[in-house]
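Got a structure for you, questions after.
The values are calculated or read from the model by the stated rules, or taken from the named source; none is laboratory data. Please read all numbers here as calculations on a predicted model, not as lab measurements. Every residue, glycine as well, gets a Cβ built from its backbone with ideal geometry; the counts of neighbours run over all protein chains shown. For accessibility, only protein heavy atoms count, side chains too; no ligands or nucleic acids. Shrake-Rupley method; radii C 1.70, N 1.55, O 1.52, S 1.80 Å.
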Amino acid sequence: MTTSVIPSAARPAAGSGRLYLRRFARNRGALLGVALFALLVLFSAFGGLFSPYAPTDADFTALTQPPGAAHYFGTNQGGNDVYAQAVHGLQRSLVIAVSVSALTIVLAALIGAGAAYLGGRVEKLTLAVIHFLLVVPSFLILALVSHRLAGDWRVLIVVLTVFGWMTTARVVWSLSTSLRERDYVLAAEFMGVRPWRIVVRHIIPNLGSLLVVNLTLGVVATVLSETALSFLGFGVQTPDVSLGTMLADGSGTITSAPWLFVFPAGLVVLLTVSMTLVGDGLRDALDPTSVSAASGGAR
Amino acid sequence: MSITLAPAPERPAPGGGPAPVLSVRDLRITFPSEAGPVEAVRGVSFDVLPGRTLGIVGESGSGKSATAMGVMGLLPPTARMSGEVLLGGRDLVGLDDTRLSRVRGREIGMVFQDPLSALTPIFSVGRLLSDALRVHQSLSKQAAWERAVELLDLVGIPEPRRRARSFPHEFSGGMRQRVVIALAMANAPSVIVADEPTTALDVTVQAQILDVLRTAQAETGAGVVLITHDLGVVAGYADEVAVMYAGRIVERAGVDALFRRPTMPYTIGLLGAVPRPDAPQDRPLVPIGGEPPSLVALPTGCPFADRCPAVLDRCRTAEPEAVPVAGHGQVACLRAEEIADGRLRADALFPAPAGSTVDTGTTGEVVLRVSGLAKTFPVTKGAFLKRRTGTLHAVSDVEFDLRAGETLGLVGESGSGKTTTLLEVLRLRPPERGRIEVAGTDVAGPLPADRLRELRGAVQIVMQDPMGSLDPRLTVFQLLAEPLQAVGVDRPAVRARVAELLGLVGLDASVTERFPAALSGGQRQRVGIARALATRPRIVVLDEPVSALDVSVQAGVVNLLTRLKRELGLAYLVVAHDLAVMRHFADRIAVMYLGHVVESGSTEALFTDPRHPYTEALLSAIPVPDPRRERTRERIVLDGEQPSATDLPQGCVFVDRCPLYRRLTDDGLRERCRTQRPALGPAAPGSDHRHACHAR
Amino acid sequence: MSRHQAAITSDSEGSAARFHPAESHVEHAQNRPTATRPPHRARYGPERRTAYRDRRTGAREGGAVLRHVMRKAVGWLAMIVVATNATYVLASWFLDPRSNYLGTRPIRTEAEIDRALAPYNLDPRVPLVDRWWHWLRDVVLHFDWGKSPVGAPVNDEIGFRVLVSGQLVTAATLLSVLLGVALSVSTASRQYGWWDRFTQLVSVFLFNVPTAVAALGVVLVGIWLNQSLGLRFLYVAGEKSPTVEGLLPTLADRLQHLILPTLSLTLLGYVGYHLTQRTLLLDAIDSDYVRTARATGLTRAQAIRRHALRASLIPTATSLAFGIPAVFTGAVVTETVFGWNGMGQYFTQTIAKNDVHGAVAVAAFGAAMTAIGAVLADIAVVVLDPRVRVN
């Protein structure tokens, strides 16, 4: 017998990271998404430097002014600079969305994978809770809770996380139930690896691409949720500003002062579209078996 | 029952003899991939004659299935195909889907590999069949249904009228494959393409399905293309054989000629590497070194050159064309003439590796003792509130000893309880009933934690599918370190042990930082073996250790396992469905049926003198890679399939399918078979060969 | 939480079946066409396998189906009860009816306020359990959902609002499912054709638009249409005109008011069904049984219609129930934008006015809509999947 197996030259030994990067970089939409998102982050961080106004400054000499040289995005009925508010609102929305999405993913991964692997009563109970929270219009509960505690965006992060993990957890759970049947999980059991170590080392990493993709899509979902809540007056509240509160302020004057609505709406859509593009690109790069990736080269 | 057949295509043959119903010329198929175009099929040509069978054999990635899909016009839209597929004189290549659909099912039928997923789950089989009939024939619904019932009867579905209303999931795998064959033959096609039709089935069911395929062929007069990796199946079924390697047919000849005088070195190597159930145990398996090449950017020259013992410099400059060899067929090898006329001796090409023979030498103390083991599973119904509706007796009464330095094989078909037995041993928890002793310690305990950890290390497993059993996100180093970390070995010791393990299984140290996906199948299984050896176990449980590997690679792994056992004094408990591999590998064998051991004994004794009728049938069902033997030997084809273990018969568990029972004339004996469960008893006083049968 | 998250979930679940750790690329390319997989199935689960093996062809098919649906319906009813009661507790915690009296003149003392709230079963001094029991009894015995902090009966408010919102949610859900499935079917057989790309582009864009923005966009388009056509055909505010009389004019008037809100809800709702169903259908098209169907002589399009579509609709039908809360959420925003006096708008009012009983009634309505959707989904599954009937 051959004592040393010759490694076949055709099988690449290179790390998978570089491969993912190459696949991702080939996707023009994904690159556009990254560029857009980066621009938005820069805008939210440094956009304030280009305007002398603070979001709370009221310029009583210029009420409801259309966009111009002094006020790039115009002013609202209270004389606030819409540009300054948009920068601040974007920052709020971004911080909320990114932190909620990250926290949600961590929570969902641990709960979903843990329930699937541990099985038995733990699994049944977790699923019951998830299903219950899924069918109950959780938006109502969200509104209830945040109405009472609102005003503070940090509270909003907690509330959105607490009521936002179930959907992802269910997906993680359903995928983990097939992962727990994998031979390598069983092999680890027979080696005496402890249950939670199996969850963290063998199950969650193998959901990696799903979690990364859901992280980006979670940002989209959170932006939209936060927008809807704030629009109805249950999310971020005055004097604080988010893109959602700006939409609510602008929606009443959509025909008379459209700039109050158009700029925040545009920013929200740019933000969500950029993250969706990134998410799609990541899915195709990380999961080459997906339908859209099969002809990825042709796009 | 009568099936009206379309008139066979009659066309004057140019050179006398029947005209081929299917002619493939220079078929080329390319798939796009990340790394570049995959040239899956590179210029394949063959003819199929009416009523005859062409076997296409090859290992995974040889392009045999792609050829089948190309002929059917069922390749994914991204694939590129060129060449000619002449069916009854018409070229199918380049036809659009609508035109092809008029041909598929009517002139060419197909049998697929996996019967479990091949049937639409939401339609009854009768509906599926009558739909298939009505696609090509104008039949009333009623008439089509009647025909469907006839077809089901023809392929051996009992109670066809009632079963026609059943859905695919209500059938076993073998029964579903019968339905698939009925679908393929429904419109009496002139060609039937069967792609690995028995690979997913148990060996006794395989024999039945091949018989059904013969029936279908006889009824329709179709030419059959039988695609398989199993040389035994080909030997018993095909008239002509084409051997594929790296997308080309490297040797094509009549079945007798090919098996008697293989001429392409690859074929020679393949026949040397395949385990045979009829060969004496000490015949070594000779692996072909290396691995099949990747089909992306193949180097010029013969793709087998790197593995070929008869390679010449010329072989690497241009790929040899298939040339006719007198009295043989066509061979794509520059040295075919030399091999055919004996100047180059075929049997000297692949010498048996030194020390690869099985030594049935000394065995040590008993390391594993299992007695009276039983395991049941509740059968539940309902999704909301699970109601227990029955009990599955997966393992009812299993008993065996395993000694150091010994290999014990558990054989049996799926559902026989062999895997459950393995898992019970591996769990190291008190069994439901019976006793499991590992290295003299009863696992029912109570065991202190450190003793349990010690036992954990003493029993390890190598699994069937090396890809599935290795976490794709971990490097080889991390994989091998895991069992060591689990028993608390410190970091420097882990590093040293991993290096040692790689050397033990013959892997280069350069693989440590690779992921499993970057390894070949053989390398992966070596990693799996190394991982099992990490904690210096005394017992290694091998679950189908080579069944996922190609024949040319499998021999190397079998030889490695044999060497490791000898060097490390291991005890192996092996589960395998392939009895031919077992003959080469196991010292003793226990045959299981419905959770019972029905016969056990030394491998030689069991193969040469099987006592239990089930063992007899099982052995007789294994196809032998020797066409003459296949034609002449007597075969016992069992009826039906192993039933579910929910309702065990009161007496002998095999009584319902037992051919011997049917021949018994003694009513008292028949009564005992039906009512008393036979116990395992020695074949001769004091013999280790034991079986459980009232009638023998 | 919102339509988007529901859509994401179902989308990722659709891809669940084909989600594999993405390591073996070259090998994958080799394996895919040949369709030879290692003969590996889940070997280590006899428990799971037996449940599937032990089946008897069921007699009394119809009875079994009815029992199946009834059992499910009972489950959903229990869900409504639990959800509504849980909301009562939460609402009582988080809403403070006293604040409604804080701004009134003359200024009242805390005790006075509590006394004012007492007749409405909102007195904070009464233990929560007692208030809950009182409320539950009224609901169960008299179908009386309680009173607002200023004494207005909730029943008076919800009567017509339930109808208004019910028709909006129902119409939007049905249209979403129809549009989504129709689009996915029309695109799946020509994957990556221009129509597929175009519809996907539109859907992905709509997926990213906040409900409020979309609703306002529809309002603008409606106004523009009215102006350019020179008539008042599409109404952008309210659910009815106050002055219309007679049956037919009333119906027409209601319909005219319904069009735009339904359109805006549908535009956002169909996206999830389209993207999910497209993925499911493409998975089904790649399945072995569709290949078998094609091998018997069906064209690709026929095989998709007859074999893939029906099987792939089953998960969509199941997900219908989980989609309804999202539609309801969308309805809250849409009703606010369009000035509809529906349950959604009522909800924002009740929370703003700390109306515990009103908010709970809205939650009960949402749960009931979900349950109705779920039962319909169960029936759809039974129709689509004959296996349920057999077992």
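Considering only chain B, what is the antiparallel percent among its DSSP beta bridges, to the nearest 5? Walk me through the numbers before you get to the answer.
Numbers: 59 of 96 bridges.
Around 60 percent antiparallel, to the nearest 5.
Follow-up question, since we're still on this one. Please work out how much length the chain gains when fully extended from B:D639 to B:D688, using 0.36 nm per residue of separation minus the C-alpha to C-alpha distance, in nm with one decimal. Let's see the in-between values first.
Numbers: separation 49, 0.36 × 49 = 17.64 nm, distance 3.02 nm.
Taking 0.36 nm per residue and subtracting the Cα distance, the gain is 14.6 nm.
Let me ask you something else. What nm distance separates the two modelled labels at C:V69 and B:D647, each placed 7 Å from Cα along Cα→Cβ?
3.2 nm
What ³J(HN,Hα) values, in whole Hz, does the Karplus curve 6.51 cos²θ - 1.76 cosθ + 1.60 give for segment B:676-682 when θ = phi - 60°, with x put for Gly and Pro?
10, 6, x, 9, 6, x, x
Turning to a different aspect of this structure: In terms of modelled amide H atoms, which long-range or inter-chain residues lie less than 5 Å from the amide H of B:T407?
For B:T407, whose amide H was placed from the backbone, the distant partners under 5 Å are B:Y572, B:D587, B:R588.
Show log10 I(q)/I(0) for segment B:130-183 at q = 0.26, 0.29 Å⁻¹, two decimals, from a solvent-free Debye sum over equal Cα scatterers.
Here the Debye-derived log intensity ratios amount to -1.05, -1.21.
Below 30 Å Cα-Cα, how many Lys pairs turn up in the protein assembly as shown? Only count pairs eight or more apart in sequence, or on different chains, if you could.
Value for the protein assembly as shown: 15.
Something else now. Between A:A102 and A:A45, take the C-beta separation as r, use R0 = 25 Å, and let me know the FRET efficiency to the nearest 0.05.
Working: r = 18 Å, r/R0 = 0.73.
According to the calculation, E is roughly 0.85.
Oh, and also: What distance in nm lies between label points placed 7 Å from Cα along the C-beta direction at B:R80 and C:Y192?
Placing both labels 7 Å beyond Cα along the Cβ direction yields 1.4 nm.
Next up: Could you tell me the accessible area of C:H68 in Å² (1.4 Å probe, neighbours in place), rounded to the nearest ten?
50 Å²
Would you mind counting up the charge near B:G289? Only other residues with Cβ under 15 Å from its Cβ, with Lys and Arg at +1 and Asp and Glu at -1.
On the way: positive: B:R307, B:R526; negative: B:E59, B:E291, B:D306, B:D508, B:D550.
In short, -3.
Amide H neighbours of B:I461 under 5 Å, counting only residues 5+ apart in sequence or on other chains, H built in-plane at 1.01 Å?
Residues meeting the amide H criterion: B:V541.
Measure off 7 Å from each Cα along the Cα-to-Cβ vector at B:E321 and A:F132, then give the distance between these two points in nanometres to one decimal.
For the pair B:E321/A:F132, the computed spacing is 7.8 nm.
Mean Kyte-Doolittle of at least -1.0 and a Cα length of 24 Å or more along the axis: which whole DSSP H helices of chain B meet both? Each step should come with its number before you reach the end.
On the way: long enough: B:203-220 (26 Å, 0.33); B:551-568 (25 Å, 0.47).
For chain B, where a helix must reach 24 Å along its axis and average at least -1.0, the hits are B:203-220, B:551-568.
So what is the calculated 222 nm ellipticity per residue for chain B, using -39500 (n - 2.57) for each DSSP H run with n of 4 or more, over all residues, to the nearest 500 deg cm²/dmol? Please report the intermediate quantities before stating the final value.
Values: 24 runs with 226 residues, N = 696.
After summing the helix terms and dividing by residue count, I get -9500 deg cm²/dmol.
If you take the accessible area of A alone plus B alone and subtract the pair, what total do you get in square angstrom, rounded to 100, with a 1.4 Å probe? Could you put the intermediate results ahead of the total?
Details: alone 16130 and 29860 Å², together 42750 Å².
Roughly 3200 Å² of accessible surface disappears when A and B pair.
Can you report the principal axis dimensions of segment B:200-276 using only the alpha carbons, biggest first, rounded to whole angstrom?
Each principal axis gives a Cα extent; for segment B:200-276 these are 37, 26, 24 Å.
To the nearest hundred square angstrom, how large is the accessible surface buried between C and B, total for both chains, probe 1.4 angstrom?
Details: alone 23200 and 29860 Å², together 47650 Å².
Its buried surface, counting both partners, is about 5400 Å².
Take the alpha carbon gyration tensor of segment C:272-391, find the square roots of its eigenvalues, order them as a ≥ b ≥ c, and report rounded if a/c is under 1.5; if not, report prolate when a/b exceeds b/c, else oblate.
Numbers: a/c = 4.93, a/b = 2.62, b/c = 1.88.
It is prolate, given that a/c is not under 1.5 and a/b is the larger ratio.
While we're on this one: Round to the nearest 0.05 the FRET efficiency obtained for B:L312 and B:E513 when R0 = 41 Å and r is the Cβ-Cβ distance.
Details: r = 37 Å, r/R0 = 0.90.
The pair B:L312/B:E513 has a calculated efficiency of 0.65.
Still on this structure: What translational D, rounded to a whole number of µm²/s, comes out for the protein assembly as shown from Stokes-Einstein when the hydrodynamic radius is the Kirkwood one over Cα pairs, at 37 °C and 0.692 mPa s?
Details: Rh = 35.1 Å.
Answer, rounded: 93 µm²/s.
On a 0 to 90 degree scale, rounded to 10, what angle separates helix A:166-179 from the longest Cα axis of chain A?
Helix A:166-179 and the main axis of chain A meet at about 10 degrees.
For a quick check of understanding: with a 1.4 angstrom probe and all protein chains in place, what accessible area in square angstrom does B:K375 have, to the nearest ten?
Around 40 Å² of this residue is reachable by solvent.
Among DSSP beta bridges whose residues both lie in the protein assembly as shown, state the antiparallel percentage, nearest 5.
On the way: 62 of 99 bridges.
In the protein assembly as shown, approximately 65 percent of DSSP beta bridges are antiparallel ones.
Next up: Can you figure out the FRET efficiency of C:L178 with C:V221, using R₀ = 30 Å and their beta-carbon distance, to the nearest 0.05?
Numbers: r = 21 Å, r/R0 = 0.72.
The calculated FRET efficiency here is 0.90.
If you don't mind, another one. So what's the back-of-envelope 222 nm ellipticity for chain A, counting only DSSP H runs of four-plus at -39500 (n - 2.57) apiece and dividing by all residues, rounded to 500? Mind dumping the intermediate values first?
Working: 13 runs with 197 residues, N = 299.
One gets -21500 deg cm²/dmol as the mean residue ellipticity at 222 nm.
Considering only protein heavy atoms and a 1.4 Å probe, what is the carbon-and-sulfur percentage of the accessible area of the protein assembly as shown?
Numbers: 32020 of 54530 Å².
Heavy-atom surface of the protein assembly as shown belonging to carbon and sulfur, 1.4 Å probe: 59 percent.
Also: Can you tell which of A:I204, A:I157, A:I254 shows the greatest fluctuation in a Gaussian network model of chain A with Cα springs below 10 Å?
A:I254
In Å², what does the accessible area per residue of segment B:22-253 work out to with a 1.4 Å probe? Display every interim value, and only then the final one.
Values: 6770 Å² over 232 residues.
Counting only protein heavy atoms, the per-residue value for segment B:22-253 is 29 Å².
Across all directions of projection, what mean area in square nanometres is found for the Cα convex hull of chain B?
Numbers: hull surface 137.0 nm².
Directional mean of the projected Cα hull area for chain B stands at 34.3 nm².
5 Å is the cut-off here: which amide hydrogens, built 1.01 Å from N in the peptide plane, fall below it relative to B:V367, excluding neighbours closer than 5 in sequence?
B:L402, B:R403, B:A404
Something else: PRE reach from B:R696 (point 7 Å along Cα→Cβ): which of segment B:617-634 fall under 14 Å by backbone N?
B:617-621
Suppose we take every Cα in segment B:22-253 and form the convex hull; what volume per residue is that in Å³? Kindly include the intermediate steps, with their values, before the conclusion.
On the way: hull volume 28.3 nm³, N = 232.
Convex hull of Cα atoms, per residue: 122 Å³.
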